[in-house]
């Protein structure tokens, strides 16, 4: 290729819409149906993270302070299948994921971002939290999750809530909603 051809290609590429494709964080999936099947096979819960990954400040802080930490990832690997339900502004989702996420929003309405839900494998809502309190951190967040879920029986990976003597703040509402 000559220089003129390369320059022409560069101009055309710059003129096209510059949307990035959505990338799901390591350890997460954006496929809800597959997550439910995995959760059934592994006898785990499903954790949904309703997020605005490219615009929501508190979503980004929750990811940094909790979800991306080894403490949370270790706990999640034993107890839940992680599903990112993303509603980005600049990042492009595949049509299938966008349709799925819109359906999940209809079924489990989130009034703000982030909204975290824990479901059983039948889609019954077990715990819900909207927003994030910066500085909470992974250990407290995990203990809070465990406290919210303990009334539904032992956790698949065992309960670590008794580790440490830190009081667990009530950040998760545990009033279950019926599955639709």
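Per-residue extension of 0.36 nm, minus the Cα-Cα distance of residue 54 and residue 68, leaves a gain of 3.5 nm for this segment.
With the simple spin-label model, which puts each label point 7 Å out from Cα in the Cβ direction, the residue 98 to residue 133 separation comes to 3.7 nm. Relative intensity of the range 19-152 on a log10 scale, I(q)/I(0) at q = 0.13, 0.20 Å⁻¹, equals -0.50, -1.29, per a Debye sum over C-alpha point scatterers of equal strength in the absence of solvent.
One chain, two ends: residue 23 and residue 150. Fully extended at 0.36 nm per residue, the span grows by 42.5 nm beyond their Cα-Cα distance.
FYI, it's all coordinate maths here, none of it is from the lab. Since the structure is predicted, the reported quantities are computational estimates derived from the model, not experimental observations. Please note: Cβ atoms are built from the backbone with ideal geometry, for glycine as well, and neighbour counts cover all protein chains shown.
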